[in-house]
1. Just to check I understand the Karplus step: with θ = phi - 60° and J = 6.51 cos²θ - 1.76 cosθ + 1.60, what whole-Hz values come out for the range 16-24, glycine and proline as x?
2. Would you calculate a helix-derived [θ] at 222 nm for the chain, using -39,500 (n - 2.57) for each DSSP H run of n ≥ 4 and dividing by the full residue count, to the nearest 500?
3. Along the positive direction of the dipole of the chain (beta-carbon charges: Lys, Arg +1; Asp, Glu -1; about the Cα centre), which of Ser149, Val27, Tyr71 reaches farthest?
4. Relative to the Cα centre, what is the charge dipole magnitude of the chain, using +1 at the beta carbon of each Lys and Arg, -1 at the beta carbon of each Asp and Glu, and rounding to the nearest 20 debye?
5. Hey, what's the Kirkwood Rh for the range 83-153 if you take every pair of different alpha carbons, in angstrom?
6. How big is the range 40-87 by the Kirkwood estimate over distinct Cα pairs, in Å?
7. Could you work out the per residue convex hull volume over the alpha carbons of the range 51-130, in cubic angstrom?
8. Against the longest alpha carbon principal axis of the chain, how many degrees, from 0 to 90 and to the nearest 10, is the axis of helix 140-155 turned?
Amino acid sequence: MENYFEIIKLGMGDYSLHHLVWQLTIVAFCILLTGMFSIADTASGIYTAKKTREKLRSHRLRKTFEKMAVYWFFQILVGMVGVILSLFPWYNLPYLSIVFAAMICVVEGRSMWEHSKRRKDGLAKVPEAVQELIDLVGGEEELKRTLVSLVQKRFGVEDATQT
């Protein structure tokens, strides 16, 4: 068994297994980091939907997992290219994996920032305001009739069929 290790070491030359393990550890860290950013973005989106009283849909959650799978596929692909490039002496870190992971983290971070902007925006209070208006007027049907009559008066439309 030791003969096999000696043959592998001899064939690798100056390239050490320590260098390979270091490369793969950094790639794995990048993959885990982007996964954490994707999960944080999903949690931020769910929190924003709850704050704005939007319905949560399983389609969005499925899209999140599809997005993570695509991210990880390309990260593994870039990681394999990085391992091949690590045979060159000038490629001492998995630069491609780091840059790709940073790009994904920027995209996910921007998405979380947009979610927080939506939560802080006045749009989060629109459903509450509409509900107060419905309660004030006396129900949804009464609100619809009132809005239709206001629009008709504003645009000078004759009394059309009301629903």
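1. 9, 5, 4, 5, 5, 4, 4, 4, 5
2. Working: 6 runs with 128 residues, N = 163.
The helix-only estimate for the chain comes to -27500 deg cm²/dmol at 222 nm.
3. Ser149
4. On the way: 20 positive and 17 negative charges, 79 e Å.
Using Cβ point charges on Lys, Arg, Asp and Glu, the chain gives about 380 debye.
5. 17.2 Å
6. One decimal place: 12.8 Å for the Kirkwood radius.
7. Values: hull volume 6.0 nm³, N = 80.
Once divided by residue count, the hull of the range 51-130 is 75 Å³.
8. 80 degrees
Throughout, read-outs are computed from the coordinates displayed, never taken from laboratory work. These numbers were taken from a predicted model, which means no experiment stands behind them. Cβ atoms come from the backbone with ideal geometry, glycine included; neighbour counts cover every protein chain shown.
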